[in-house]
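Working notes, beginning with the structure itself.
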Amino acid sequence: MTANSDIAIRIRGLGKAYRIVHGQEKHTTLGEAIAHRIRHPFQRLERETFWALKDVDLDIKKGDVVGIIGRNGAGKSTLLKILSRITEPTTGEVDLYGRVGSLLEVGTGFHPELTGRENIFLNGAILGMKRREILRQFDAIVEFAGVEKFLDTPVKRYSSGMYVRLAFAVAAHLNPEILLVDEVLAVGDAEFQKKCLGKMKEVSTQQGRTVLFVSHNMQSIALLCTSGAFLASGRVTYFGDAAGAVERYTKSFAASGNTQRAPTQRPGTGEYRFTSAWPEKQVFDGAEPIVVRFRVERFRAPLGRMHVSAHIVNEMGAIIVQCDSRLKGFWLDDSEKSEGFLTIRGPWLRPGEYRVDLFICAPGLIDVFEDACRFTVSPVLPYPYSCSPDGYDRGCVFGDYDWHSGEPVEPGRPEHVPPDAATVK
């Protein structure tokens with residue numbers, strides 16, 4: 001490795017195996033353990049080797065912001081723990097070219113009996129910082145975390161949000177060349193998450209530091225990351241641009257099928273349940289209405305008037321719109337079985353794949369039918385083919401709008417559109 005190399009992290013043949021023991025009985029005393037061994041002298045426990053990571057090869061450049069994404073159990077957190085030297089790999093090797101700062105769990109490295117002030121210096125020392133370096137960044141850390149009033153309070157009295165704010169502030173301001181961030185940002189509120197994303201963008205673009213970011217929020221990955229790695233069953237199946245990693249993540253759910261839980265196993269009090277839901281078509285032309293049908297069945301005593309709601313969720317996992325039946329004066333009745341439908345008029349949704357989450361409320365939560373169905377919206381010509389490849393076709397929805405030539409229409413005056421006016425709806 002030359003001194004002027006642009007590689008920050010080099011991973012070769014990395015693997016991590018865990019041994020899982022099946023059929024092991026737990027004993028509360030030594031006497032119970034001895035008695036069990038006497039009664040079952042030839043009993044053998046079944047052991048299984050589980051590979052959380054296997055054959056991982058990655059070269060991450062300095063200044064890159066890499067999104068590590070994958071479904072639960074894919075090995076994302078295990079990878080970050082190995083890079084943080086929390087756990088040792090079973091096979092392979094990792095070369096880190098720079099000081100590493102990590103934020104893997106709320107309050108990692110904090111001593112609960114020490115104050116916020118003392119923990120800042122403790123974390124800085126763990127990261128290898130000199131006292132004068134910590135003092136130089138101290139005011140910025142405190143201001144970013146927003147814990148001025150509680151700086152001399154033991155952190156054991158901090159809320160989880162205060163914990164994560166201070167932990168992130170320390171990790172981001174103490175100048176590690178490599179910053180590892182797990183899903184812990186979900187603990188903070190929306191304003192703090194926005195600050196964190198901005199700080200990570202700043203340390204990568206302006207300060208040239210490398211960031212590895214694990215998240216299930218695909219919008220954050222697309223916004224922040226310059227590249228992405230998609231993990232499946234402990235292997236890196238894709239490493240490239242962030243958009244490509246997000247695409248493979250979303251397609252992994254479609255490939256696994258719609259594993260809907262039975263009505264009696266879903267969240268909610270359960271007096272009424274959705275028994276099925278389906279779109280009238282799998283692919284809708286962007287200009288036509290989108291119709292989703294559903295069936296509801298009563299499982300217990302009637303409740304009276306109830307309303308239904310739907311979340312339309314895009315490929316990035318973002319809720320694009322909530323469709324609440326109360327706003328349209330629609331209520332479910334007390335029938336043992338009923339059927340209804342939701343209509344979304346077009347053109348409104350942008351081209352892409354969408355899922356529908358359904359809810360019954362009265363006003364408490366009666367049923368939650370996640371991933372009830374899916375549908376695709378095809379492009380409305382000439383969109384998107386006439387759009388610039390530079391990204392002028394942004395936005396989540398088309399919205400309800402008009403374009404006119406001439407003078408703007410005054411409120412309350414009948415709209416007049418000249419015959420030669422160009423109108424886009």
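What follows is calculated from the coordinates using simple rules that are stated; it is not laboratory data. The structure displayed is predicted, hence computed values, not measured ones. Cβ atoms come from the backbone with ideal geometry, glycine included; neighbour counts cover every protein chain shown.
For LYS130, the lysines whose Cα comes closer than 28 Å to its Cα, not counting residues fewer than 8 places off in the same chain, are LYS61, LYS62, LYS81, LYS149, LYS156, LYS195, LYS199, LYS201. If R0 equals 41 Å, the separation of the Cβ atoms of THR49 and ALA318 corresponds to a calculated FRET efficiency of about 0.60. Size of region 7-255 from its Cα atoms: along the principal axes, largest to smallest, the extents are 65, 45, 33 Å. Label sites at GLU297 and ARG85, each approximated as a point 7 angstrom past Cα along Cα to Cβ, lie 5.9 nm apart. Loop-located GluC sites (Glu not before Pro) in region 56-125 (DSSP state other than H, G, I, E, B) with a sparse environment of at most 15 neighbouring Cβ atoms within 10 Å: GLU113. This ranking places SER5, SER204 by how few other beta-carbon atoms lie within 10 Å of each, fewest first, which gives SER5, SER204.
Each Lys or Arg adds one and each Asp or Glu takes one away; over the other residues whose Cβ falls under 10 Å from the Cβ of SER204, this sums to +2.
Of the trypsin sites (Lys or Arg not before Pro) found in region 119-168, those in coil by DSSP whose Cβ has at most 10 other Cβ atoms within 10 Å are LYS130.
If we count every other residue with Cβ under 12 angstrom of TYR238's Cβ, Lys/Arg +1 and Asp/Glu -1, where does the sum land? Result for the local shell: +1.
For the listed peptides 348-354, 337-343, 78-84, a ranking on the average number of other beta carbons within 10 Å per residue, highest first, reads 78-84, 348-354, 337-343. The distance between label points at SER309 and ARG99 comes to 4.7 nm (points 7 Å beyond Cα on the Cα→Cβ vector). Other residues whose C-beta falls under 11 angstrom from the C-beta of VAL100 contribute a net charge of +2, scoring Lys and Arg +1 and Asp and Glu -1.
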